[in-house]
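Below: the structure, in structure tokens.
Read-outs throughout are calculated quantities, based only on the coordinates presented, and are distinct from any laboratory measurement. Source: prediction; values computed, not measured. Cβ sites come from the backbone with ideal geometry, for glycine too, and all protein chains shown count toward neighbours.
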Amino acid sequence: MIPSRSKALNNQTQALIFHQCINHIHSHQNHTLVRNKPKTKTRRRIQQPLKITPRPRNPIPFVTNLKQIHDPEEALSLFHEYHQMGSKHDYPSYASLIYKLARARDFEAVETVLGYIQDYNIRCKEILFIALIQHYGKAHLVDKAIELFHKITSFDCVRTLQSLNTLLNVLIDNDRLHDAKEMFGSFHKMGLRPNSVSFNIMIKGWLKEDNWVEARRVFDKMLERKVQPSVVTYNSLIGFLCRKGDVEKAKGLFEDIVKKGKYPNAVTYALLMEGLCSIGEFKEAKKMMFDMAYRGCKPKLINFGVLMTDLGKRGKIDEAKSLLGEMKKRRFKPDVVIYNILINYLCKEGRTTEAYKVFVEMQVGGCEPNAATYRMMADGFCRVEDFEGGLKVFNAMLTSRHCPRLETFRCLIEGLLKCGKIDGACFFLEEMEKRKMRLDLNAWEALVRDACVGDESVDGLVSELVYAH
């Protein structure tokens, strides 16, 4: 029994091995056929890089609510409310609050919040102090800006050249050249090396003082220290020379830029063009603008603005209007500054109707007027005693949330009173009251006289007004 079973197993084993061999041979042949198959040209598929979209940060409730608040006291109250509710304020919350308070010029509150930052050891970024130094500068609180600069390190924050340059600029803008010079000389004590921005600020300071010799000395020192002047450096010097009428020397600096392998920008050309216009060389200035492209600098609106301003000054308004048309043909879209130049000179020439057409045209073309546009139009209508036109512009002004100057209000009220339009004048007075704008005594006296022309009791009314005042 055992041998026969063994024989049967052996036969089965042999059959199994045989079938496995056959399968192996077939699979090997198929594999070989696939490998030896002639290659067909297939377009290689380029794998696109995976776009990794950053996960959106969760909004900070306090910062979100703070954006809706305009009153600084209310902003500070909100800060305390969140703190009392157990909310732990971090750097973004403190920074947002400080920016809000600084813009409102509530610097007493700013210092209070800075105290909280120190108490709670909140680590700050230098950009916060840079912004604060700038706000102090705009408010002419220069000593506060200096004090804050020296305190930066006490907030566990590294002080760099950027904050030093910011303070230097604040000093220059506030006519503290002596302090700026002293600070510029102490860079090395702080372990900092002045860069082109530092030198540019000092050059600006000396030019502001009308001192070309010192400005040039700073420029030469810059070269000695192997600090490369930027186009901004050259623009400051070229602009000063052009304002002084020394266009030839300015041209020499322009060529120096090119020799050093730098590229003058549209501002450089605009400054030279202004200089040429100031000495009566309008044609050369215009030629320079059209030659810019060949020198690798595309003309910009600022260059057209220089030419348009010069034409306006010389009373060549029609040529200025033609220049606007030329801009559009060259596919330059005029901005509000370009339109304002044209509107201003049209109004000065008494061509208010044409100015109003330009005013409408700019809006149709998608360019929104700014406060200056509205004021020029309102003043232009007053100048030609078209008070109905002035009222029309005033209504448009209210819609756009701009406000006329006090002088414009006075002019429109006087004009409407002279025309006998008491209701219109009262409307303007009400609008002034809403904006907390007040006329002085002389203006009120003139208004009463205009309103009471032909009335013998006017002198008594004026005396009463003076007495009441």
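A few points about this structure:
- Put simply, the Cα atoms of the range 85-169 extend 41, 27, 16 Å along their principal axes, the longest span coming first.
- Sites Gln228 and Glu126, calculated FRET efficiency, Cβ-Cβ separation with R0 35 Å, nearest 0.05: 0.90
- Size descriptors for the range 244-295: radius of gyration and Dmax over Cα atoms are 10.7, 31 Å.
- Residue-wise HN-Hα coupling along the range 414-425, computed from phi with Karplus coefficients 6.51, -1.76, 1.60 (Hz; x: Gly, Pro): 4, x, 5, 5, 4, 7, x, 9, 5, 4, x, 5
- Once the Kirkwood radius over Cα pairs is known for the range 137-296, the Stokes-Einstein relation at 25 °C and 0.890 mPa s delivers a diffusion coefficient of 143 µm²/s.
- Extension gain for the segment Asp175 to Asp220, taken as residue separation times 0.36 nm less the Cα-Cα distance, is 13.9 nm to one decimal.
- Backbone N within the range 204-244 under 11 Å of label point (7 Å from Glu281 Cα along the Cβ vector): none
- P(r), alpha carbons of the range 256-343 - 10 Å bins starting at zero, rounded %: 17, 52, 25, 6, 0
- Length added when fully stretched, Phe107-Lys436, from 0.36 nm per residue minus Cα-Cα: 116.0 nm
- Extended-chain gain in nm, criterion 0.36 nm per residue less alpha-carbon gap, Tyr294 and Ser154: 45.0 nm
- Projected over all directions and averaged, the alpha-carbon convex hull of the range 127-217 occupies 5.6 nm².
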